[in-house]
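Trainee: This structure is in structure tokens; I'll ask about it shortly.
The values are calculated or read from the model by the stated rules, or taken from the named source; none is laboratory data. Bear in mind the structure is a predicted one, so any value in this text is a computation, not a measurement. Virtual Cβ from ideal backbone geometry, glycine too; neighbours counted across all protein chains shown. The accessibility values were calculated without ligands, DNA or RNA, using every heavy atom of the protein model including side chains. Shrake-Rupley method; radii C 1.70, N 1.55, O 1.52, S 1.80 Å.
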Amino acid sequence: KPPPRPIYRKFLIQFEFETLRCKRQLKRNSCNFYETMLISQFFVGQEIFITGGSGFIGKGLIEKILRSCPNVAAVYVLLRPKKGKHIEQRLSDILQSKLFERVRQEQPQALKKVHAIAGDCSELGLGINEKDLKLLQNVNIIYHSAASVRFDDPLRDAILMNTRGTYELIKIAETLKQLKVFMHVSTTYCYPNRRIVEEKFYPSYADWRTTIKLAETYDTETLNVFNLKYGDFQPNTYTFTKSLAEQIIKEYKDRLPLVIFRPSIVVSSIEDPVPGWVDNFNGPIGMLVACGIGIFRTSCGEPNIISDFVPVDIVVRAMLIATCRKAAEESNKDQKKMEIINCAAAKICPIRTGEVIEIGKKVIKKTPFEKTLWVPGGSITRCAVWNFIRFVTLHVLMAILVDIALRFTNTKPFLLKLQRRIYAATLALHYFVTTQWDFRNDNFYELDSFVEKDEIGEFGFLQYRDLDYEEFFRMGIQGARVFLLNEPAECSQGALTRMKIYRVLHFLINLIGGVLIIRFVARYIYGMLYSTI
């Protein structure tokens, strides 16, 4: 279904916003909690345990808590040693990164409240030792955002991380006497065969206990043999194992204060902590960066489907509001339970996939990357055959030629290897760029109604409902330049000069190629006519 025309969209958004304001007033009349408790006040003295703290959402959540709720008692972050770095070094690297610059300036004392807990979500008991378990005994809030988001993970690895890891954390949560909220971060795409996804539980694809037992019993190769059949032909192991994790939450929701938070495609920030912050190449930002460098020129998909993007700072704000909402619900048994939240934004701010590509090309041509290799170009096509032809000619052959040139300059070739990774990524994402979903999310929009007027600027999110996507992706590309490519925020004069040269060369190559094709066709037609005569 196409989005509302611009002339009506602003009216529809305003109407929905006014409806939420009315709901807010009704809730104020029925529950005094919302009149007196500010979000920042709720987090005073709370102890928080976060898994996935080194991930995109996890980092944003830690930063927001430390900056906007600095009076928390403690923030424990589950980390595992990686690449020869101890957990304390990894935590220090996170807190000293550019992301936490505002925290270091505004709330430097809050950084001392963050503590690393050694563990691994793919291990039994999360790999947490007895000493660290005692540190967690007074935890009030748990955010479980740890997950393997790779679509090509072996089934066994995905089960142990995404499904069993959730169960192991549930068992730990049952021992915490002071627990007020347990938030499980899932995804709106965990039931991909349903085109309409509501904020409710759906039937399971498999039994989660049996699945965990299989992963603990058989090796990776054995499980990969019947991956598709056992997973009910899900597009990847990520969505399958996340749906099983939701079944665990469903089973324990009456024993623990559990809430499922389902974000859609999480992209760069609008405002917090800085516009355009991003820490990975997943989603549209990675596609725009590859397009901007000049190595991504074709993709098979549906350019007119509406992609559901939600900025990371909106996700984090909604998580904090939902935490307060859930805690209020637990203290007031008369309140309606909010069990699932679909954090999606396509209804109030829709954009088509093809439009994202065009915006990216327009922005990057004006502000090219220092690492740009050619003029940004290409597009999404519905024809698989035409996409394959373009991929072979524009991706593979060009990568071979560039790598050969690099060998002559005694530089290690890299482009062909990179193109293999791009091809694997596009295959994994094909299902999602050719399908459109309708995520029903009244609970998500309702969250904004629980934000007091004094805190709307700090925690509200519906004030961004008239998002200018061109400006948003411009800042996202700038954020990718700073946080991912380690380039200056503003492009240099050298990059602009190179882009001008690339554009001239691109025009000349297209012109020569066009002339050669016309000449070939003309000679072929002339030969056919001559032979006929």
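Trainee: For the chain, what's the relative contact order in percent, using C-alpha pairs closer than 8 Å and at least 6 residues apart?
Mentor: Averaging sequence separation for qualifying contacts and normalising by length gives 16 percent for the chain.
Trainee: Moving on to the next point. Please report the antiparallel percentage of the DSSP beta bridges confined to the chain, to the nearest 5.
Mentor: Roughly 5 percent of the beta bridges in the chain run antiparallel, per DSSP.
Trainee: Another question about this same structure. Say R0 is 41 Å: what FRET efficiency, to the nearest 0.05, do residue 492 and residue 133 get from their beta-carbon distance?
Mentor: The computed FRET efficiency comes out at 0.20.
Trainee: I would also like to ask the following. Mind giving me the nanometre distance, one decimal, between the label points for residue 435 and residue 516, set 7 Å out from Cα along Cα→Cβ?
Mentor: Result: 4.2 nm between the two label points.
Trainee: Taking the full set of protein chains and a 1.4 angstrom probe, give the accessible area of residue 195 in square angstrom, rounded to the nearest 10.
Mentor: The accessible area of residue 195 comes to roughly 110 Å².
Trainee: Short version: what are the Cα gyration tensor semi-axes of the chain, square root of 5 times each eigenvalue, largest first, in whole Å?
Mentor: Value: 44, 27, 25 Å, ordered largest first.
Trainee: So which trypsin sites (Lys or Arg not before Pro) in region 223-286 pass both tests, a DSSP loop state and at most 13 other Cβ atoms within 10 Å of the Cβ?
Mentor: When the trypsin sites (Lys or Arg not before Pro) of region 223-286 are filtered for loop state and at most 13 Cβ neighbours within 10 Å, 255 remain.
Trainee: Can you tell me the order of 471-482, 498-509, 74-85 when each peptide is scored by its average per-residue count of other Cβ atoms within 10 angstrom, highest first?
Mentor: Descending packing order for the listed peptides: 471-482, 74-85, 498-509.
Trainee: When ranked by the protection proxy of mean other Cβ atoms within 10 Å per residue, highest first, what sequence do the peptides 261-273, 429-441, 154-166 form?
Mentor: Peptide ranking by packing, descending: 154-166, 261-273, 429-441.
Trainee: Over 18 Å between C-alpha atoms is what I'm after, so list which of 177/253; 85/171; 83/371 land there.
Mentor: Violating the 18 Å Cα-Cα cut-off are 85/171; 83/371.
Trainee: Counting other C-beta atoms within 10 Å, and keeping those with at most 16, which DSSP coil trypsin sites (Lys or Arg not before Pro) do you find in region 376-436?
Mentor: Here the trypsin sites (Lys or Arg not before Pro) that fit, given the DSSP loop and packing criteria, are 382.
Trainee: Evaluate the distance, in nm, between pseudo-label points positioned 7 Å from the Cα of residue 507 and of residue 409 along their respective Cα→Cβ axes.
Mentor: Label at residue 507, label at residue 409, 2.5 nm between them.
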